[in-house]
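Enquirer: Would you mind keeping the following structure in view while I ask a few things?
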Amino acid sequence: MKTVLRFLFALFLGTLAYGLYHKSQINFATGERIIGFTVLGGTFLFLPLFLYHRWKGKRLQDYTLSEENLKKMKGKG
């Protein structure tokens, strides 16, 4: 999973750089489309995979503010 994320990150970063180059040197409208599709791909493809990878094996209950966690925090302080 780590190599897939690194590959996607490099791919999106390269595509973004190509879009910026294309926008400034070749064709403004096409460059804008490339940048837009790169941002969409990063948002809807890379971000969910990254969040899944980082949160895998962790319990959400440990990070939420519940009555039990409040009592633990008050007891420590």
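Enquirer: How about the chain: which helices (runs of 4 or more DSSP H) wholly inside it have at least 3 residues that are surrounded by 11 or more Cβ atoms within 10 Å (Cβ to Cβ)?
Expert: 2-25, 28-41, 47-55
Enquirer: Exactly one of (1) at pLDDT 95 or above; (2) at positive phi is unmet by Gly14. Its number?
Expert: Among (1) at pLDDT 95 or above; (2) at positive phi, Gly14 violates only (2).
Enquirer: Quick one: what pairs do we get from the range 1-24, first residue polar (S, T, N, Q), second modelled with pLDDT of 95 or more and surrounded by 12 or more Cβ atoms within 10 Å (Cβ to Cβ), C-beta under 6 Å, 6+ apart or different chains?
Expert: From residues that are polar (S, T, N, Q), the pairs are Thr15/Thr38.
The values are calculated or read from the model by the stated rules, or taken from the named source; none is laboratory data. Predicted model, so just to flag it, every value in this text is computed and none were measured. Heads up, the Cβs are rebuilt from the backbone with ideal geometry, glycines too, and the neighbour counts pull from every protein chain shown.
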